[in-house]
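Here the structure is laid out as structure tokens; the discussion comes afterwards.
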Amino acid sequence: MKVIHFKSGEVVFEENSTSDSAYLVEEGKFEVSKVCNGRKQVIGILKAKDIFGEMGLIDGQPRSATVTALEES
């Protein structure tokens, strides 16, 4: 496991990108969003102790959403 720091506004990964890792939030907040009918829809906010990105490791499918840091994380 390695520690990765994200700046506010930095994209962790984009919807439909290849899945190759999962993330555990130690601190900060992340926005989870999808594009539907050409418009961005926020579907969730992740915070400390949340895990994301794991489904791609399990099912081998592309990322189902975009995750972006909302603050220094």
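The values are calculated or read from the model by the stated rules, or taken from the named source; none is laboratory data. Computed from a predicted model, the values in this text were never measured in an experiment. Cβ atoms come from the backbone with ideal geometry, glycine included; neighbour counts cover every protein chain shown. These accessible areas exclude ligands, DNA and RNA; they are computed on the full protein's heavy atoms, side chains included. Shrake-Rupley method; radii C 1.70, N 1.55, O 1.52, S 1.80 Å.
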Open item on the list: Report every pair of residues separated by at least 6 positions or lying on different chains whose Cβ atoms are under 7 Å apart, first residue within region 4-18 and without any contact (Cβ under 8 Å) to a residue 60 or more places away in the chain, second assigned to a loop (DSSP other than H, G, I, E, B) and open to solvent by 60 Å² or more (accessible area, probe 1.4 Å).
Closed with: Glu15/Ser64; Asn16/Pro62; Ser17/Pro62; Thr18/Pro62
Task: Test set (1) open to solvent by 50 Å² or more (accessible area, probe 1.4 Å); (2) free of Cβ contacts under 8 Å to residues at least 60 places away in the same chain; (3) at negative phi; (4) not acidic (Asp, Glu) - Leu70 fails condition number - done: (2)
Task: Lone qualifier among Gly38, Gly53, Gly60, Gly28 - being open to solvent by less than 90 Å² (accessible area, probe 1.4 Å), at pLDDT 95 or above and out of contact with any Cys (no Cβ under 8 Å at 6 or more places or on another chain) - done: Gly28
